[in-house]
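Read the structure below first, then the notes.
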Amino acid sequence: MNAYLAILKDSFREAVASRVLLIALAGIVSILLLLAPFGLSTDKATELRRSEVRQPERLLTRLVNGAEEQNTPAAHLWSLLNDAQQKRARDLLNPESENRPRRRGGPGANPLKRQIVDQLNELLKADHFYDVDSWKDVRLPDEASNLLQQPGLSDSSLQRRNLLLLAAAFRREIDIADSNAISLGYANATVIGPIPLTPSQFEPIFDQIVVRVVGVFLGFLGVFGSLLVTAGLIPRTFEPGEIALLLSKPVHRSWLFVTKFLGGCIFTLLYASVLVTGIWLLLGIRMGSWQHQLLWCIPVYVFLFMVYYSVSAVAGAIWRNSIVALVLVVLFWTGLQVVGVTETALQDRLVNDRGIKEIAIVDTGILAVDGEQNTYIWNAESSHWQQTFEEPPDSMSGFARRFLATGVRFAPVYDSHSDRIYALQLAESRFGGFGPPQLVTGYAEDGWERVSLGRVPEVVTTVLIGKDGRVLLPSSQRIYQYVGQTEQQQRRADFLDNITGGILSGAGKAFKQVQPKDMPDLGENFAAAINPDDNQLLLFGNGHLHQLKALDDGSYSLIQSRDFDTDESAVMNVAGMHAVLALASGKIQVLNARSLETVHEQQLADGVVPRLCTAAPDGSSLAILTHAEDVFLFDGSTGRPITWHPPENGACSAVAYSPDGQLLVSNGRLAVRKYDVSTGQRSDEWSEQTTWVYDLYDYVIQPLWTVLPKPSQLDEFVTYIMSGKQSVLATGTPPWMANGDNLQQQRDTFEPVPVIRDNVIFLIAMLCVGCLYVARRDY
Amino acid sequence: MVIAESVIQVQDLRKIYRSGVLRRRTVNALEGVSLDVPSGQIYGLLGPNGAGKTTLIKVLLGIVRKTSGDARVLGHAAGEIAARRRVGYLPENHRIPRHLTGSTALEYYGCLSGLSVGEVRRRAPGLLGRVGLKGREHDRVSGYSKGMQQRLGLAQAMLHQPDLIILDEPTDGVDPVGRKQIREVLRSLADEGASIFLNSHLLQEIELICDRVAILSNGSVRRTGSVKELTAAIAESPMVFRIRADRTTAESCFEISTVSKVEDVGDGVLDVHAGLPEQHQVDSIIDVLRSRDVSLLSMNRRDLTLEEAFLQIVREETA
């Protein structure tokens, strides 16, 4: 042991003696010293942030309407605007105006909100923002009242007071989520401030920035810099004059190689330790953010280096040439990148874009929806999926739909009474951004031609069909029933929808409110299901499960609620005697559909997040599909789990039931298979012949990707460590669309174990090759 | 300290180097070497370039794997860790890492040999003084001359007080004063009971300090023995005729091809060195000298120098 410690110690000496290390360390210290004056300060918010304006259109409308009012906050604020500003505000609401904001920044951007917020923030600086008569009917928060009593307020206190007054006057439109604002300073100067994000919004972004900074300095510069410096370490050791001397000592050749390899890692360990500890101290001391998990970056990046260095070490031992060792590492890295990028691109195209994500059985066949929300019907004659229920040609691209429309599940629901399908389609607002979805339908007899039934008055996420064919659309606070409208009403609705840009839905008459008077607030992320036996509704939101009974007049009354003591979102379904509720944490509860009592509980593996629940129409079984593409089945009569799983488990991208209670699953590609759950036998299959690109992916790229190590995924590992979340929203989801609690949105599930395992296997394999070679070679 | 009768025992040792993509090209480096090195002696290994000397040493230390045969070092199979623990080795053209100083290099190699850092630090000053590196122990090895590196290499080989020290060209690059110093060190080590196995091209070096010598040529041992035994008069040794005659007469008496040297020793006396391995050749020369009235003052066979013995043995091999 003494001998091997001596080798490690010598490597340390060599690293210290290396000028490169000193230069690198000096560089790191200089950068840290440059970064040291940066600091975050938290003050009371004095400006309105865009994310705090919940309903910009309504806010603007109220302000403009202030022109007609007296002694209201809206009237007073309107009077504070000069003529040009008033004209501009009116223009913003007028769809025909040339000054109306154009959408910039891609789908989902909301320039209207930006302009309103900018204008209001200007107003907040005004001394005479407050008017006693105008605010006399407004309930003010204590802080605002206190500020109103203080004479001679500073500019920032004045702005703070005005902000509170504004929020109090427009409670529905503005929600001040956090009373604090963050500013970024350098030494004593403010660089950016206040940042237009709440502290809770800023925190994950800040973590991401830290991860990226560490990633760039360690993952790229650090690792490749270290490889450059250490590339010569092993070739030098195995030079004839040195190796003969070493091998004459009482040491094992293999251990000599391994110890020299570990010695090379000391360089990176030093580099990583100084950098990460420096950043950790800076964040802690200067920004008050002691992120201890950041220290995990040290072993992670040393491990990343070890994976690459193992290639360099083996090449160095064989060819005893540092240039060859370095070139081979670069080739290895390039090869991994090429395979990785190809794998990602093909998976995106073949699985995420084209793979079947939803299945619906209709009287005349089977429908499938792919990742880009295109709908297909199976053509038995040509044995392929034929596009149907198409969107109008001017709608957004499939790519945009995949990333942006994921909040609304595009899942056609079949109504056998009228032989047609319903679905919710994401609809862009005229001013940019997305408003409530449109209800669309298609009749079998019309060849499933897509027809809009109008924009739902509120954001809804599910279409529920009752046993009598009723179409229900639950929102967070209401339940709408689609009752249809006359052609004249439809035309009027389209007109109103057009001129208000979707602010006011003209289709209001088509959607009748049927919620109970004591309808609970379900929150933003809720789940809803209808029992096909008796039209009973189950609604889950804000940790409560509510049971609603259908009355004879079509409305609903609340029967009972159960508190689950959780703030998690969930997916849910009900059929027959049982309901199944799957929480975001992977906790599954099978409930008695009548009493809501739990009859069975199960916990999915760590990090496995449920995506959807479905139930057999006859109530014989229920299925949960997870984001890990596994299906879990439960017996509809006993509530117990069914041990049989479809063979597609692990790659199952869609699940549904046929009317006779058989399970339909998709293999993640272009095939749908039908299984009898009681026997596990496959009874039918709809599978399109795949092209050579699929073969390339299946037989070349994916096996290669499976076998090869994935050092690049260690970056994701760091993100996982920092966030502590295994399942995150799909890469590329725009932040303004991201809703981490929405289980229906596409997710990337990070599996830390395979990443570590694959890299460890590769590392061990490379070291074994190196040891074997060194042990057998004559020097 | 366990002292074996023989520190090195080699029996029919063979080593074939293979090269090429299919490893079809072969070089027979050792072809049945048998050798017995007694303990407590300085044993020299001589041989022309490519004779297999370094290969033999590397096989003994396990740096190169033998193809067949048997080799034992200090009673252990060659290359075993137990054997290497009791061996000190100075390779030819060794390279001590350049970032080390004299003392840190000793610490490094001492620890590799199983010593503790404290033990190394205790032994190092005396040892560095013994090899003539006192005062330079804190200098970087990168600043050492070739000779200083050899001295440091020798110091590391002696550091753990091994029973057997194997030296491959220890005086390579060392000045004459240094060589003498090294010879004295080796002699004192032998006097202390250590066995030394020395491979050197410098025949004079071997002749001066080795108790026994083995001559290796073309992968096999041609001759072993003490220096005296190897250089003792043999039939192939030149005959020295001391005659009273002038140079012309003398040259006419001998076949020119047999004469290697004619020395004038004064007073008209010449020493003629002639290679006459057969007795009848000697008889006929005597007849010729008598017939020409040349006085033969003395006649004897001279001892070979080690170089002559070595060349003769190698020449025989080539023939």
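Read-outs throughout are calculated quantities, based only on the coordinates presented, and are distinct from any laboratory measurement. Computed from a predicted model, the values in this text were never measured in an experiment. Positions of Cβ are generated from backbone atoms using ideal geometry, with glycine treated the same way; all protein chains shown enter the neighbour counts.
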Nothing charged except the Cβ atoms of Lys and Arg (+1) and of Asp and Glu (-1): what's the magnitude of the dipole of the protein assembly as shown about its Cα centre? Round to the nearest 20 debye.
2960 debye
Those trypsin sites (Lys or Arg not before Pro) from the stretch A:443-490 that are DSSP loop and have at most 14 other Cβ neighbours within 10 Å turn out to be A:Lys467
How much FRET efficiency would the formula 1/(1 + (r/R0)^6) give for B:Ser145 and A:Arg777, where r is the Cβ-Cβ distance and R0 is 35 Å, rounded to 0.05?
0.65
Pairwise FRET efficiency - B:Ile286 versus B:Leu311, Cβ, R0 = 25 Å, nearest 0.05
0.35
Within 10 Å of each Cβ in peptide A:3-10, how many partner chain Cβ atoms are there on average? Round it to a whole number, please.
5
For A:Tyr480, what is the net charge nearby, where nearby means another residue's Cβ is under 12 Å from its Cβ and Lys, Arg count +1, Asp, Glu -1?
+4
Shape of the stretch B:43-120 from its Cα gyration tensor (a ≥ b ≥ c, root eigenvalues): rounded if a/c is under 1.5, otherwise prolate when a/b > b/c, or oblate?
oblate
Among the aspartates and glutamates, which have Cα under 13 Å from the Cα of B:Lys261 when same-chain residues fewer than 8 positions away are ignored?
B:Glu251, B:Asp271
Could you give the radius of gyration (one decimal) and Dmax (whole number) of the Cα atoms in the stretch B:239-302, in Å?
10.4, 30
Sites B:Ser116 and A:Ser254 - FRET efficiency at Förster radius 22 Å, r taken between beta-carbons, to 0.05
0.35
Based on the Kirkwood radius over alpha-carbon pairs, what is the Stokes-Einstein translational diffusion coefficient of the stretch A:1-59 at 4 °C with 1.567 mPa s viscosity, in µm²/s?
76 µm²/s
What does the charge dipole of the stretch A:43-185 about its Cα centre add up to, to the nearest 20 debye, if the Cβ of each Lys and Arg holds +1 and the Cβ of each Asp and Glu holds -1?
580 debye
Taking the square root of 5 times each eigenvalue of the Cα gyration tensor, what semi-axes in Å does the equivalent ellipsoid of the stretch A:43-185 have, largest first?
25, 19, 13
When N counts the residues of chain B, how does its alpha-carbon radius of gyration compare numerically with 2.2 N^0.38 Å, as a ratio?
1.24
Just grab the label-to-label distance for A:Ser561 and A:Tyr443, each label 7 Å out from Cα along the Cβ direction, in nm (one decimal).
4.2 nm
Among A:Tyr4, A:Tyr480, what is the fewest-to-most ranking by other Cβ atoms within 10 Å?
A:Tyr4, A:Tyr480
Once each part is reduced to its C-alpha centroid, what is the distance from the stretch B:184-225 to the stretch A:654-696 in angstrom?
84 Å
For the stretch B:263-319, which GluC sites (Glu not before Pro) are in a loop by DSSP, counting at most 14 other Cβ atoms within 10 Å?
B:Glu278
Run the numbers for A:His600 and A:Ile205: contour at 0.36 nm per residue of separation, minus the present Cα-Cα distance, in nm.
138.3 nm
√(5λ) per eigenvalue of the Cα gyration tensor, the stretch B:1-94, largest first, Å:
24, 14, 13
Hey, rough spin-label estimate for A:Asn592 and A:Ile285, points 7 angstrom out along Cα→Cβ, what's it come to in nanometres?
6.3 nm
Assigned charges on the beta-carbon of Lys, Arg, Asp, Glu; chain B dipole about Cα centre (debye):
1900 debye
Multiply the residue gap between B:Lys180 and B:Ser34 by 0.36 nm, knock off their C-alpha separation, and tell me the result in nm, one decimal place.
49.4 nm
Could you give the alpha-carbon Rg of the stretch A:517-668 over 2.2 N^0.38 Å, rounded to two decimals?
1.00
Charge dipole (the protein assembly as shown, unit charges on Cβ, about Cα centre) - positive-most of A:Ala75, B:Ala71, A:Leu270:
B:Ala71
Cα-Cα over 22 Å, subset of A:Lys113/A:Lys517; A:Lys87/A:Lys113; A:Lys249/B:Lys53; B:Lys15/B:Lys58:
A:Lys113/A:Lys517
Rg (one decimal) and Dmax (whole number) from the Cα set of the stretch A:263-322, in Å, equal 15.3, 50
Taking 8 Å as the Cα distance limit and 6 or more residues as the minimum spacing, I'd like the relative contact order of the stretch B:6-231 as a percentage.
28 percent
To make sure I understand, if each residue's beta carbon is the centre and we count other beta carbons within 10 Å, what order do A:Ser154, A:Ser683 fall in, fewest to most?
A:Ser154, A:Ser683
Once you have the alpha carbon radius of gyration of the stretch A:224-289, what is it after dividing by 2.2 N^0.38 Å, with N set to its residue count?
1.63
The lysines whose Cα lies under 17 Å from the Cα of B:Lys146, excluding any fewer than 8 residues away in the same chain, are B:Lys134, B:Lys180
If the label point is 7 Å along Cα→Cβ of A:Gln689, which residues in the stretch A:365-391 have backbone nitrogen under 15 Å from it?
A:379-385
Projected area averaged over orientations for the stretch A:250-376, convex hull of C-alpha atoms, nm²:
14.8 nm²
Quick check on the stretch B:145-264: of the DSSP beta bridges with both residues there, what percent are antiparallel, nearest 5%?
55 percent
Once each part is reduced to its C-alpha centroid, what is the distance from the stretch A:591-623 to the stretch A:124-191 in angstrom?
48 Å
Could you tell me the largest-minus-smallest coordinate of the C-alpha atoms of the stretch A:558-612 on each of the three principal axes, in descending order and whole angstroms?
34, 22, 17
Give me A:Lys587, B:Lys66 sorted ascending by neighbouring Cβ count inside 10 Å, so fewest comes first.
A:Lys587, B:Lys66
Can you compute the modelled spin-label distance between A:Trp644 and B:Ser6, with each label point 7 Å from Cα toward Cβ, in nm?
7.9 nm
By the Kirkwood definition, with r running over pairs of different Cα atoms, the protein assembly as shown has a hydrodynamic radius in Å of 37.7 Å
Please check which bits of the stretch A:437-472 a label hung off A:Ser416 would reach, taking the label as a point 7 Å along Cα-to-C-beta and the cut-off as backbone N under 12 Å.
A:467-469
